[in-house]
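> I have a structure I would like to understand better, so I am pasting it below and will then ask my questions one at a time.
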Amino acid sequence: MKTTAKTKSSVIVGNLRAWRALATPEDINAGIVWYNEAHQVAQEISTIIGGTVWQGAAVISALSPMNTWEGNKHNAIELAKCWALGGSIGDVSVSTFNANKRKAWEILNNNPKALNQESRKTWSFAKTIELKERAQCVVIDRWHLRACLTRSKTRRDQLGESVGIPQYDRIERLTMNEAAKLGEAPCVYQAIIWCTIKRHWEGGSK
């Protein structure tokens, strides 16, 4: 199995460059607007709960694992509406794990311990939705890890699709360096690669 720990930085960078070179104008346009659209959903949630855009973004991020983007948005808005109306956590079903629903509920309750930088991917996703191009972090999800580890346009390779903090920080640094070379915000670079590899592996978009 390929893992980031066993893969040289030069190979990871080469793989990222290869995927970025495969991006079509449609992939690029989708990557440019992706976090802007996510930010709008976070703003909608902040209005519903009378809170901050960060809270809205964090709720979205907490409910994202193993969820489609449409399901993610729907779940986040419905959970926020339930909370704002004084409902209970059990009143809403979500398309992710119950532990993630509880995390999102705690975020709605403004619990500062519900999401912090120790949860690198979840925190980075929320921070990037909140700040968009100004975010100095990278969302390293399973799709980004796949792009780091292979150039295969199909699902042939056995890949390690989770990382600890040291490897997360290493990949984040490499990705940000590559984005800077192209004059792209880290989130735009990541989103373009995300759109590109997902198009090849699955077809369509999230």
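> Between rounded, prolate and oblate, where does the stretch 156-206 land on the alpha carbon gyration tensor, with a ≥ b ≥ c its root eigenvalues, rounded for a/c under 1.5, else prolate if a/b exceeds b/c?
oblate
> Report Rg/Rh for the stretch 84-206, rounded to two decimals, where Rg is the Cα radius of gyration and Rh the Kirkwood radius.
That ratio is 1.01, to two decimals.
> What full-extension length gain, to one decimal in nm, is calculated for residue 201 and residue 113 as 0.36 nm per residue of separation minus the Cα-Cα distance?
Full extension of this stretch gives 28.1 nm more.
> Let me understand the stretch 32-94 better: what is its radius of gyration from the alpha carbons, and its Dmax, in angstrom?
11.1, 37
> Hey, what's the Kirkwood Rh for the chain if you take every pair of different alpha carbons, in angstrom?
Value: 17.4 Å, from the Cα pair sum.
> Additional query: Which value results when the Cα radius of gyration for the stretch 107-178 is divided by 2.2 N^0.38 Å?
Normalised Rg, Cα atoms only: 1.25.
> Let me ask another. State the percent of C-alpha pairs, over all pairs in the stretch 1-111, separated by a distance greater than 21 angstrom.
48
> A further question follows. What accessible area per residue comes out for the chain, rounded to a whole number of Å², with a 1.4 Å probe?
47
> Any chance you could check the Cα centroid distance between the stretch 150-185 and the stretch 64-114 for me, in angstrom?
If you average the Cα positions of each part, the centres end up 28 Å apart.
> Now a separate question. Given +1 on the Cβ of Lys and Arg, -1 on the Cβ of Asp and Glu, and no further charges, what dipole in debye does the stretch 1-148 carry about its Cα centre, rounded to the nearest 20?
780
The values are calculated or read from the model by the stated rules, or taken from the named source; none is laboratory data. Please read all numbers here as calculations on a predicted model, not as lab measurements. Ideal geometry is used to build each Cβ from the backbone, glycine not excepted, and the neighbour counts take in all protein chains shown. Keep in mind that these areas ignore ligands, DNA and RNA; they rest on the heavy atoms of the full protein, side chains included. Shrake-Rupley method; radii C 1.70, N 1.55, O 1.52, S 1.80 Å.
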